[in-house]
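Participant: This is the structure I have questions about; it appears just below.
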Amino acid sequence: MAQIDKLLQRLVTESDAAFSFDEIVRILRALGFSERIHGGHHIFRRSGLREIVNLQPRSDGSAKYYQVRQVRRLVVNYHLWRFDDDEV
């Protein structure tokens, strides 16, 4: 779980360009999202959330910037992971 904590810390504090597609997928799976794959689209849902996350990897294996922002918004808005005051 320490790896996920580090990824979540990075998600909230680093640039959108700093994430691979696999890292974003690992974060969502660790947060309890279920994944369905349709072609190149990875569609994530979580019980209790109305929103879905639809991700597609870039050709170089990185995550698309706007999709990283979308995941960050979900994590922060729904308090899916909270920081201690001294960690931010």
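No value in this document is a laboratory result; all are computed from the given coordinates. Values in this document were obtained by computation on a predicted structure and should not be read as measured data. All Cβ positions, glycine included, derive from the backbone under ideal geometry; neighbour counts span all protein chains shown.
Participant: Pulled fully out, how much extra length does the chain show between Ser59 and Ile4, if you take 0.36 nm times their separation in residues and subtract their Cα-Cα distance?
Facilitator: Working: separation 55, 0.36 × 55 = 19.80 nm, distance 2.42 nm.
Stretched out fully, the Ser59 to Ile4 stretch lengthens by 17.4 nm.
Participant: If Lys and Arg each add +1 and Asp and Glu each add -1, what is the summed charge of the other residues whose beta carbon sits under 10 Å from the beta carbon of Gln3? Before the final figure, lay out the partial values.
Facilitator: Working: positive: Lys6, Arg26; negative: Asp5, Glu23.
Within the 10 Å Cβ shell, the charges total 0.
Participant: How high is the relative contact order of the chain, in percent, with contacts defined as C-alpha pairs under 8 Å that are six or more residues apart? The partial results should precede the final answer.
Facilitator: On the way: 87 pairs, mean separation 24.9, N = 88.
Taking the mean separation of contacting Cα pairs over the length of the chain, I get 28 percent.
Participant: Where a ≥ b ≥ c are the square roots of the eigenvalues of the C-alpha gyration tensor, would you call the chain rounded, which needs a/c under 1.5, or, failing that, prolate if a/b is larger than b/c, or oblate?
Facilitator: On the way: a/c = 1.88, a/b = 1.28, b/c = 1.46.
Oblate is the answer for the chain, as a/c is 1.5 or above yet b/c matches or exceeds a/b.
Participant: Further question on the same structure: In nm, to one decimal, how far is the Leu49 label point from the His79 one, both placed 7 Å along Cα→Cβ?
Facilitator: For the pair Leu49/His79, the computed spacing is 1.6 nm.
Participant: As I understand it, the value is the acute angle between the Cα axis of helix 21-30 and the longest principal axis of the Cα atoms of the chain; what does it come to in degrees, rounded to 10?
Facilitator: 70 degrees
Participant: Now for a separate question. Take Thr13 and Glu35, extend 7 Å from each Cα along the Cα→Cβ direction, and tell me the distance between the two endpoints in nm.
Facilitator: 2.6 nm
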